[in-house]
Structure formats: structure tokens, C-alpha cells
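> First, the structure itself, so that you have it in front of you.
The values are calculated or read from the model by the stated rules, or taken from the named source; none is laboratory data. All values derive from a computational prediction rather than experimental measurement. Ideal geometry is used to build each Cβ from the backbone, glycine not excepted, and the neighbour counts take in all protein chains shown. We work out accessible area using only protein heavy atoms, side chains counted, and drop any ligands, DNA or RNA first. Shrake-Rupley method; radii C 1.70, N 1.55, O 1.52, S 1.80 Å.
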Amino acid sequence: MSLGLTRREFLQGAGAAGALTLAPGVFLYAKDPEAPVTDAVRWGLLVDTRLCQEDCNACVDACNEEHNLQDLGRPETDAQWIRKLTVRDPLGGRTISLPMMCQHCENPPCVDVCPTGASFRREDGIVLVDKHTCIGCRYCMMACPYKARSFIHENLTEQLPDAPRGKGCVESCTLCVHKVDAGENTTACAEACHKDGHQAILFGDLNDPDSEISKRIREFGATQIRADLGLNTGVRYQNL
Amino acid sequence: MSIASTRYATLDAGRNYWGLLAVLAGVVLAGFAGFLHLEHEGHWITGMNNQVVWGIPHVFAVFLIVAASGALNVASIASVFGQVAYKPLARLSGLLAAALLSGGLAILVLDLGRPDRLIVAMTYYNFKSIFAWNIFLYTGLLAVIAVYLFVLFQPALARWTRAAGIMALLWRLILTTGTGAIFGFLVARQGYDAAIMAPLFIIMSFSFGTAVFLLVLAAACRGSGRVLGDALLFRLKNLLAVFVSAVLYFVLAYHLTNLYATEHHGFEAFILNFESLYSKLFWLGQVGLGSLLPLALFYSPKTRNCRVSTLVGASLVIIGGLIQMYVIIIGGQAYPLVLFPGMEESSSFYDGVVASYVPSFWEFLLGITGVGIGLILTVAGLGALDILPEDLSDPKPAS
Ligand code: SF4
Ligand code: SF4
């Protein structure tokens, strides 16, 4: 991990950075918190656009609630970790709707360009921003091909312990790392989509051939958005 | 004029000198107050947003950094390529480069989301990041210029002048390449992903740096009652004219190669079709005002031997240069990222639409602060050190 921190140190420190003073041990781990994050797993998402409803915003609402992303009434500067994207083919007019978020690239341009190493990729494929070392230069936002990142343009209050955030830093989808590390094996967006009965988002381990996500990809295939860039994204789409 | 016979002197610290310093200090102080306000409130008070993440401060900062590299032209020509006429100006060239670079860097730091973490930026490096490389290149250039100036100031070290000059030349070429590469490496952005960005930035640096140098030299001579000979001034003007033409050529090559690839047609139309704001700025500002008009002033028989035209032309090159930076930096971000080539995209996050950007007063203040810092350092340097030759008049023809 970047700067040689263990995952635990990172999470604890990150909590403090978000104007929340966290005592050590606030995080509840379902598994051994000292267990290293390894590349034995690669967390990812599979989105089936046929199941995704254009008028449904459940994943976005759930993400906003999970991380307390507030609507400050300034859409140009408000943070969006996940958004619904409508894509229309001018030839024939077929329209699809899909959730767009950090694609958790294996070769992430945001990590390559970050001058301090604040943007980093965990061994298990989750791309995060270390809120301790982000200087707010926004070069990662220039480099991300998916427009996945948001800069925090104002003072924030009422941050949640699981989602350290603060003015002047850049942030993006964490793949609900707090849930993953707690062994919940899901994300807020996937959960919400499931609850709404659409089941368009599936979370899982791309490295495990027996996981549901791997099986579905094997059977039906899946595409990367802007596959031409060779980033090997952890978020895959079906029926684009 | 041989270097041995050149006598240098500080600017006289008269009332005008202190007045100018006071005005510049006022600008810098106002800028710092603005920075504190920005730091307190956060960036929402600027026009920058999640679509256009780099704004007016970066336009000024990149311009100053690029111009700093170019301001060293005169030093390089004198020390590396042995042009005697420029030797007396090598000191000013070094001072101006260091001052402009400091101004540009100051803007970048003041605009950070977390400027309080400057120490982090200086202690944690990701060596894969071209940005981190640039931090080394920028601070390194300051050190190289310091060595170069030191050598120039010591007659005993005269034989090292060329070596120091070569070092400075190579360093600044790499630095400008690195600055261009900041944009050239952004593969996902339609407007930036081009290898030609690096040489384009080098040639832009020659042009902007020479223009700034020419104006500062003329102002310093005028302010200190020195005579600046026509020969020297027009020589600089001719050099500038060549650089301005070269920039135009590279811009042409950039757009033509882009037009060759159908994938870039959307972005090219955006810049060239005269419909978007950026296109109008490109044609009227960058090409018309910043390139063709100065070239006409520099070359037309009526104006080419006119001092005022030369100064106006150099000023236009600077204005055009800032506009060019605006078109490159803001225009490149305003044009939407293409996630699904050939499809129409829409979302609540401004996918598929040209992003809006309305720069605020605070951003201009930051930009002007950088210029102020550059100028105050130049003026202070001229007052404290023997930078400016006492006599820059044309050599008398031997009778
Ligand atoms: S999608 Fe963007 S922010 Fe996420 S890993 Fe890739 S480059 Fe980084
Ligand atoms: S804004 Fe933060 S995370 Fe992004 S490149 Fe800069 S330092 Fe790295």
C-alpha cells in the first residue's frame, strides 16, 4: 500500500482527516483487521444495462446516503460518486441507461499522475484517495477517462466515520471499501438495486472463478467502457 | 561590446523605484488576502467546478512557467551560442527567468485544494507522475539559474560561463517538455492526447519568454534613464518574429494532424468552427491578435523600424499567449469526454455537453498575484544586484 501504511492505519488516519476524531478501533471488522489486503481477490462490479431502468435512481440515492454526499444546490461543484448515464445511438435511437462510477482500473491513470501518491490502488483492485496526502491538485481529475472524480469545493459537516471527506481533497467511489473490509460482500449501490428488484448491479470477486460475477461474465461476456485505453477496468457492463 | 568592457549597475533607488515596488507589493498583498479567503471558503467561490478543474489560475501559472523558460533564451544565445550582442543581457535573462518561474509556481501552490500540505508535496513523490517530475524540474531550474548567475558575476569563473549556460539550456528544454507533457499525457482527453504538445510548448516558451524579456528590458531602461539602442531592440524583435511564426506553424501542424484522424473531428470542429467561445478566442485572440497582428507590425516596412510598434507587438504576443493557454487549458476541458464514441450521452454530471466555466474575480486575483510576484522579484533584483548594463546604446560606428 502507498506510503507503507497498513490498511488499518490508513482507515484510522483517513477517519481523522474528515474532521472526525476517531478513536482507534472504531471500525468493526468481521474478519481479522490486520489481515493484509492481497491480490488473491479482485473486487469488481457487473452491470447489466438491460435490467437497468432509465427512470430509476436507487443506486445513486443509496450511494449518497451511504457516504452522506449532500446536495448543496450547486450541481456543477456538488460531488457525484455515481451517476446515471443515458446513452443513445443516433442510428435507430436505441437508448440504454447505466450507472457510471469509478471503474477501479487495474492500470489507473489517476494513480499514475498523482504527484504525491495519494491516489492508490489496493492489492484487491479498489482504487482510493488517501485523504492525508491528497494536496488537491486535481491532476487525477484531468487524467480519469470516466469523469469519476469530484473535488470538494466547500467546507463539509456531518461526515460519516466510514466516509472521511473534506474540503480541498478529491474523492470518488470507494467500492464501499468499509463494507468490503467488514466482510459484507456488497456495495450500497448493488444492494439498493437488488432491493428495488432490478438486480442490474452485481458485486463480487473477479478472481474467483466460482463467484457469481465470474460465472455470469464467463457465460454472457462483458465489456469495458473505453476498452481501447487498456485500463482493465474492475467494473464491467453487459448489453451495451 | 565585449563582456569585459560591460559595466553593470543597480537601478537607482529613487522615488519612482520605491513607488513601483510599493504598488507591486500592494498587488501581492491583495492577492494573498484573496488566497486566504479562497482557502477559507473553498473553491466553490471560483468558476472552477468538477468539469473544468483547472481554470484561470492555471492559465496564468502555465504561461508564467513557460515564459520563464523562454526568458532564458537571451542567456542561452549569449553563453551557449556565443552571440556577443546578447552577452550584456545574460544577467537580466537569468533573473527574469527565475522571477517568472517563482510567480508561476506560487500560483500553482496557492490554488491547491490543500496548500497547507505543501510539505507533503515535497516529501512524498510518485515517480511515475509527470507532475512530480515537474516539481523537481522547476525547483532544479531555480538552482541552475542561481549557479549560472553566480558564474556570470564572478569574472574569475568566466571560463565556466558556457558550461553553466549549456546546463541551463538543457534543463529548461526538459522543463518545458515536461510542462507540455502534463497535457500531452492525458490520453483520454480529445484535445490533449498529442505528442506534439511538448515541442509546441517549447516553441511557445521561446515566443512568450522573448516578448516578456523585450518589454521588461525596455521598461527597465526607460525607468532608469538608460538608452536602449535601436540595434539591440530590433534584434530582439526579429528574434521574436521568428518565434511567433514558428508557434503558428506548430499550431497549424497540430490541428492538421488532428484533422487527419476522424476520431478528433469533433474536438477540431469545436476549436475551429468559429461557433464556440473557444473557437472565437482561437481565431480572433490567439491567431489574429496574438500572432498575425504582431507579425504584421514586426515585418511591415512601415512599422518594422518603429520602437512603439515593436513594444505593442510584444505586448500583443503576451496577450495572445494568455489566450492560447486559455484555449488549450480551458477549451480542452470544456469539450466533453467521450465515453461511448459515436453515441449521444447525457447525465446529471454534464456528460455529453460542453462544460460551462465562468472565471471569478478570485481566480484572476490569484493569476495577477503570480504576475506581481514575478515582477516584484525582478524589480527587487534589479535594484539590489548589478544586473543591468549601464550602457545599452548602439555601438558607435568606427570613423
Ligand atoms: S475510473 Fe478514474 S478514478 Fe477510477 S481508477 Fe480509473 S482513472 Fe482512477
Ligand atoms: S488531487 Fe489529490 S489524489 Fe488527485 S492527483 Fe492531486 S494529490 Fe493526487
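> Going by the structure shown, is B:ALA198 touching a Gly at 6+ places or on another chain (Cβ under 6 Å), open to solvent by 10 Å² or more (accessible area, probe 1.4 Å) and more than 14 Å from every other protein chain (Cβ to nearest Cβ)?
Values: touching a Gly at 6+ places or on another chain (Cβ under 6 Å): yes; open to solvent by 10 Å² or more (accessible area, probe 1.4 Å): yes; more than 14 Å from every other protein chain (Cβ to nearest Cβ): yes.
Yes.
> Could you tell me which numbered condition A:CYS105 fails, if it satisfies all but one of (1) facing chain B (nearest Cβ under 7 Å); (2) more than 22 Å from A:GLY168 (Cα to Cα)?
Condition not satisfied by A:CYS105: (1).
> Among the numbered criteria (1) open to solvent by 10 Å² or more (accessible area, probe 1.4 Å); (2) within 14 Å of another protein chain (Cβ to nearest Cβ), which one does B:THR179 miss?
(1)
> Given the structure, is B:ARG172 part of a helix (DSSP H, G or I) and basic (Lys, Arg)?
Yes, satisfied.
> Looking at region B:34-47, is at least one residue assigned to a loop (DSSP other than H, G, I, E, B) and closer than 21 Å to B:TYR326 by Cα?
The initial filter retains those residues of region B:34-47 that are assigned to a loop (DSSP other than H, G, I, E, B), namely B:42, B:46-47.
Checking the rest, the ones that are also closer than 21 Å to B:TYR326 by Cα come to B:46-47.
Yes; the residues of region B:34-47 include at least one that is assigned to a loop (DSSP other than H, G, I, E, B) and closer than 21 Å to B:TYR326 by Cα.
> Can you find a residue that is away from ligand 1 (no atom under 14 Å from the Cβ) and of a type in the set (A, V, I, L, M, F, W, C) anywhere in region A:68-84?
Checking region A:68-84: at least one residue is away from ligand 1 (no atom under 14 Å from the Cβ) and of a type in the set (A, V, I, L, M, F, W, C).
> Out of everything in region B:101-121 that is away from chain A (no Cβ under 14 Å) and open to solvent by less than 10 Å² (accessible area, probe 1.4 Å), what residue ends up being nearest to B:ALA143 (Cα to Cα)?
If we take residues in region B:101-121 being away from chain A (no Cβ under 14 Å) and open to solvent by less than 10 Å² (accessible area, probe 1.4 Å), then B:LEU101 is nearest to B:ALA143 (Cα to Cα).
> Considering only region B:126-142, state which residues are open to solvent by 20 Å² or more (accessible area, probe 1.4 Å) and either more than 7 Å from every other protein chain (Cβ to nearest Cβ) or within 16 Å of ligand 1 (Cβ to nearest atom) (or both). Before you say what the answer is, go through the steps one by one.
Here is the first cut: in region B:126-142, the residues open to solvent by 20 Å² or more (accessible area, probe 1.4 Å) are B:126-128, B:130-131, B:133, B:135-137, B:139, B:142.
Across region B:126-142, the qualifying residues are B:ASN126, B:PHE127, B:LYS128, B:ILE130, B:PHE131, B:TRP133, B:PHE136, B:LEU137, B:THR139, B:LEU142.
> Can you find even one residue in region A:159-170 that is open to solvent by less than 10 Å² (accessible area, probe 1.4 Å), within 12 Å of ligand 1 (Cβ to nearest atom) and under 30 Å from B:ASP193 (Cα atoms)?
For region A:159-170, residues open to solvent by less than 10 Å² (accessible area, probe 1.4 Å), within 12 Å of ligand 1 (Cβ to nearest atom) and under 30 Å from B:ASP193 (Cα atoms): present.
> Residues to consider are B:ALA219, B:ALA269, B:ALA211; find the one that is surrounded by fewer than 18 Cβ atoms within 10 Å (Cβ to Cβ), modelled with pLDDT of 90 or more and under 30 Å from B:ASN305 (Cα atoms).
B:ALA219
> State yes or no: is A:ARG88 more than 30 Å from A:THR157 (Cα to Cα) and at the interface with chain B (Cβ under 9 Å from one of its Cβ atoms)?
Taking the combined requirement at face value, the residue satisfies it.
> Among (1) farther than 18 Å from A:ARG50 by Cβ; (2) at pLDDT 95 or above, there is one condition A:THR223 misses while meeting the rest; what is its number?
Checking A:THR223 against (1) farther than 18 Å from A:ARG50 by Cβ; (2) at pLDDT 95 or above, the one that fails is (1).
> So which pairs qualify, if the first residue must be in region A:102-113 and near ligand 1 (Cβ under 6 Å from one of its atoms), the second must be assigned to a loop (DSSP other than H, G, I, E, B) and basic (Lys, Arg), the Cβ gap must be under 8 Å, and the two must be at least 6 apart or on different chains?
A:CYS102/A:ARG149; A:CYS110/A:ARG149
> Right, something else. Can you tell me which residue in region A:201-240 is farthest from B:GLU344 (Cα to Cα), limited to those that are open to solvent by less than 60 Å² (accessible area, probe 1.4 Å), among the charged types (D, E, K, R) and more than 16 Å from ligand 1 (Cβ to nearest atom)?
The extreme case among them is A:ASP208.
> So, restricting to helices (runs of 4 or more DSSP H) that lie completely within region A:132-240, which ones have at least 1 residues that are within 16 Å of ligand 2 (Cβ to nearest atom) and without any contact (Cβ under 8 Å) to a residue 40 or more places away in the chain?
A:139-143
> If we keep just the residues of region A:69-85 that are more than 9 Å from chain B (Cβ to nearest Cβ) and of a type outside the set (A, V, I, L, M), which is surrounded by the fewest Cβ atoms within 10 Å (Cβ to Cβ)?
Among residues in region A:69-85 that are more than 9 Å from chain B (Cβ to nearest Cβ) and of a type outside the set (A, V, I, L, M), the one surrounded by the fewest Cβ atoms within 10 Å (Cβ to Cβ) is A:GLY73.
> Before we move on, is A:SER97 within 14 Å of ligand 1 (Cβ to nearest atom), on the phi < 0 side of the Ramachandran plot, among the hydroxyl-bearing types (Ser, Thr, Tyr) and open to solvent by less than 10 Å² (accessible area, probe 1.4 Å)?
no
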